[in-house]
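Written below as structure tokens is the structure these notes are about.
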Amino acid sequence: NNVIQSRCIDPVGQAYANLYPDPTVPGAFRGNNFVANQSTPTNHKSFDVKIDQKLTEKDKLFGRYSYFFPKAVTERGPFTNPLATGGFSGTQSGESQQAVLGWTRLFSAVMVNEARFGFGRKNARIDPLSPAGSAADTVGLRGVPKTSFASGLPTVRPGGFTAPMGTSEWRPQSQAAQVWQAIDDLSYVRGTHSFKFGFDWKRYTNNQLDIRAMEGTMTFANNRYVGQQTFTGLANLLLGNVTTFG
């Protein structure tokens, strides 16, 4: 990018424009395009533990615990700068745990009872790739709320550009879901008939945090609005002509 020297150029707009990288595929026939091949690593940790115990000739007990923890970069944008990836880039993690306990009781040759209890929990979240804390001051943007969720730069969207610039406005997100379940089955055989009785109890909770644009978002349209003298989104960005903000 060539830094534009002019008194009418807004310094914040110039700082955002400079975040766009130069084309990597120049040429008259292919156009001024940017092509990238970003790394999106994925790491998984998991294990299972299972125990079977014969308590008596009529009682059997088993237990199982499973753990799974994936971590990956998701929805990676094309640009390398963690403050301005050009997409919904984030680091996704999701800790999943499950515990099961079962007891089988043989009352007689024709009657058996199976009791099971289970608990499952998944705690998933997506954090932005940018470092924690607002970086708005680094581009000269003042008055941005310093919330506990702040990370990177507020999002700007110049009209005509596919990728927004700044940190994704849809990060962070988190979800903690868990379920408790108890099941009891009593099986009984009488002559040529089989009977089964029991119950199934379940309790489910789901806590979500889905926030948007904690540092704000701005758009710069390709249309001429009041106070704007250009039909180009990037030019409006350089002039500081904000179309909408929120």
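For Lys45, a cut-off of 22 angstrom between C-alpha atoms picks up these lysines, skipping any fewer than 8 places away in its own chain: Lys71, Lys122. In this structure, Ile183 and Arg7 have a Cβ-Cβ separation that, at R0 = 51 Å, corresponds to a calculated FRET efficiency of about 0.10. Note on Phe231 and Asn113: the extension gain reaches 34.9 nm, defined as 0.36 nm multiplied by sequence separation minus the Cα-Cα distance.
Accessible surface for Asp48 stands near 120 Å², nearest 10, in the context of the full protein assembly shown (1.4 Å probe). Which residues among region 94-129 fall inside the zone where the amide N is under 16 Å from a point 7 Å beyond the Cα of Trp201, along Cα→Cβ? In region 94-129, the label zone of Trp201 (backbone N under 16 Å from the point 7 Å along Cα→Cβ) covers 101-103, 114-120.
For the pair Ala15 and Arg190, the difference between a 0.36 nm per residue extended length and the Cα-Cα distance amounts to 54.8 nm. Taking a point 7 Å out from the Cα of Phe149 in the direction of its Cβ, the residues of region 201-219 whose backbone N falls within less than 13 Å of it are 208-217. Subtracting the Cα-Cα distance of Glu75 and Arg142 from their residue separation scaled by 0.36 nm leaves 21.2 nm. Count Lys and Arg as plus one, Asp and Glu as minus one, and take only other residues whose Cβ is under 14 Å from that of Asp210; the net charge is then +1. A simple count of charges around Arg121, restricted to other residues whose Cβ falls under 15 Å of its Cβ and scoring Lys, Arg +1 and Asp, Glu -1, yields +4. Straight Cα distances below 20 angstrom link Lys58 to the lysines Lys196, with same-chain residues fewer than 8 positions distant left out. With a simple spin-label model that places each label point 7 Å from the Cα along the Cα-to-Cβ direction, the separation between Thr24 and Thr40 comes to 1.5 nm. Would you mind pulling out the separation of the Cα centroids of region 137-192 and region 105-129, in Å? What the calculation gives is 27 Å, centre to centre.
The values are calculated or read from the model by the stated rules, or taken from the named source; none is laboratory data. This structure is a prediction, so every number in the text was calculated from the model and none was measured. Positions of Cβ are generated from backbone atoms using ideal geometry, with glycine treated the same way; all protein chains shown enter the neighbour counts. Protein only, heavy atoms only, side chains kept; ligands, DNA and RNA dropped before computing areas. Shrake-Rupley method; radii C 1.70, N 1.55, O 1.52, S 1.80 Å.
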